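Undergrad: What follows is a single structure, and I will ask about it in a moment.
What follows draws every value from the coordinates through simple rules; no lab data is involved. Owing to the predicted nature of the structure, the values given are computational and were not obtained by experimental measurement. Cβ atoms come from the backbone with ideal geometry, glycine included; neighbour counts cover every protein chain shown.
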Amino acid sequence: MISKLTADNILRWYGYARARLHLTPSRPLGYFLYLTGRCNLNCEYCWQREMPNRTSINTKTGKNELTSDEWLKVLKSIPKPAFVGFTGGEPLLHPGFRDIIRHVSGRLPFTVNTNGLLLDDDMLGELIECGVSNISISIDGFADLHDKSRKKLGLFDHIVKRIMKLNEIKGRKGIKKPTLTVKTVLLDGLSERLAEFYRFCNDVLKADCINISFMKTAEHAQFDFRTYESLSDLREVGVPQCYDYGDKDTIPAALGELLDMSLKNRCKVLLYPKMSSKASISKLMDAGGKNVFAPCYLPWSLVVVLSDGEIIPCLSVRSVNVRALEFDMKKLSGVERHRGFLMWRDKMNRERKSPQECNMCCFSEVNE
């Protein structure tokens, strides 16, 4: 049983080893599959939501999305060892979601990111039967904050009931898998209740991890449905930075307390971007989330396939469409655009630079 925190660390070390040893061909360990761009919520802070004047060849409207059969071909081509993360949009909205997880069951470890709305008893049973390794469910604080930010009254209570049902099934079957990750966006007003919310996740929800993400400006193109043809095109989007929190003076101490609490409890704290101390949190916030990040080796350990088949590394610069590869992910190592991106990132790393385009990326790590 591997938690999200452990999985993230494995990705980091795998990428570091492959990049530093110059191992070829490129062999990602993690495959993030954005099954659909559609979502049944419209959260204000979601950078992937459709907004005026923010369009590209790839949108969230379901345009030209891969069918179930096409996704099955992609999954069949993924070489072991590897794991798959199903996300979106809301991945459970894909009409072939059940067929997809049944196909991957027993062949590759897989995780699911969801907002929890569609986790009825039948779906929970299906996920457990198929051996899902981890379920990440979005909860942005208690009901007063979560329901408002997600624009749906009663959503918090609904998700809590679904998680309690998940725990009931696991207890009845005597199983520990799937692990549970609570994915939390750090919103204004949450810092004063962070310790209380952490205890709720640890004691009541029995979560294995709480993954807290800092908000960032919309001027970025990381793991995004809007794809760009080149790095120069992508740079025109703007320089990402940290959201200017109204309660920013209290956040480092509040999160530092959570990091200390997690050392003594089952529920571990994972911060996005990665930070492991109050000092590193203060450093991020003092700099506004700009130019404080260590070299990153993630592009050597994961790859993203968007809902229309476009393959991106981590920044949303297009490598190739999986349809052009005849749905064979092993052919990605021969794609010149993908190799070129890795060469660019390798150059940045050797110069001990973290590109401005990578500011505030979830997988970036604050340079201690």
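Undergrad: Would you mind checking which residues have amide H under 5 Å from S136's amide H? H placed 1.01 Å from N; only 5 or more apart, or other chain.
TA: Hits under the 5 Å cutoff: V112, N113, T114, T181.
Undergrad: Also: Rounded to whole Hz and in sequence order, give me ³J(HN,Hα) for segment 67-78 from the Karplus expression 6.51 cos²θ - 1.76 cosθ + 1.60, θ = phi - 60°, writing x for Gly and Pro.
TA: Per residue, the Karplus-derived 3J(HN,Hα) values read 7, 4, 4, 5, 5, 5, 5, 4, 4, 4, 7, 6 Hz.
Undergrad: Read phi for every residue in segment 86-99 and hand back ³J(HN,Hα) as whole Hz from Karplus 6.51 cos²θ - 1.76 cosθ + 1.60, θ = phi - 60°, with x for Gly and Pro.
TA: The phi angles translate into 8, 8, x, x, 9, x, 5, 6, 5, x, x, 4, 5, 4 Hz.
Undergrad: Read through the labelled values [x] 0.94; [y] 1.01; [z] 1.07 and report the label of the one computed as Cα Rg over 2.2 N^0.38 Å from the structure.
TA: [x]
Undergrad: Can I ask one more? Loop-only check: which GluC sites (Glu not before Pro) in segment 218-308 are DSSP coil with at most 14 other Cβ within 10 angstrom?
TA: Sites meeting the loop and neighbour criteria: E219, E229, E236.
Undergrad: For segment 3-12, take each phi angle, set θ = phi - 60°, evaluate the Karplus expression 6.51 cos²θ - 1.76 cosθ + 1.60, and give the result in whole Hz per residue in order, putting x for glycine and proline.
TA: Calculated HN-Hα couplings, in order: 7, 4, 4, 5, 4, 4, 5, 4, 4, 4 Hz.
Undergrad: Which value, to two decimals, describes the C-alpha radius of gyration of segment 235-368 once divided by 2.2 N^0.38 Å?
TA: Cα Rg divided by the expected 2.2 N^0.38 Å: 1.24.
Undergrad: Whose amide H sits under 5 Å from the amide H of L302, counting only residues 5 or more places off or on another chain, with H placed in the peptide plane?
TA: Result for L302 returns L29, G30.
Undergrad: Taking the Cα centroid of segment 290-359 and of segment 217-284, what is the distance between the two, rounded to the nearest whole Å?
TA: Measuring centre to centre over Cα atoms gives 20 Å.
Undergrad: In whole Å and largest first, what semi-axes does the C-alpha gyration tensor of segment 255-328 yield when each eigenvalue is scaled by 5 and square-rooted?
TA: Equivalent ellipsoid semi-axes, largest first: 35, 17, 9 Å.
Undergrad: Which of the peptides 108-114, 300-306, 203-209, 333-339 is most tightly packed, and how do the rest follow, going by the mean number of other Cβ atoms within 10 Å of each residue?
TA: 300-306, 108-114, 203-209, 333-339
Undergrad: Below 16 Å, Cα to Cα, which lysines can K290 reach? Residues fewer than 8 away in the same chain don't count.
TA: K216, K248, K274, K353
Undergrad: Where nothing but the Cβ of Lys and Arg (+1) and of Asp and Glu (-1) is charged, how large is the charge dipole of the chain around its Cα centre, in debye to the nearest 20?
TA: Its charge dipole is roughly 1180 debye.
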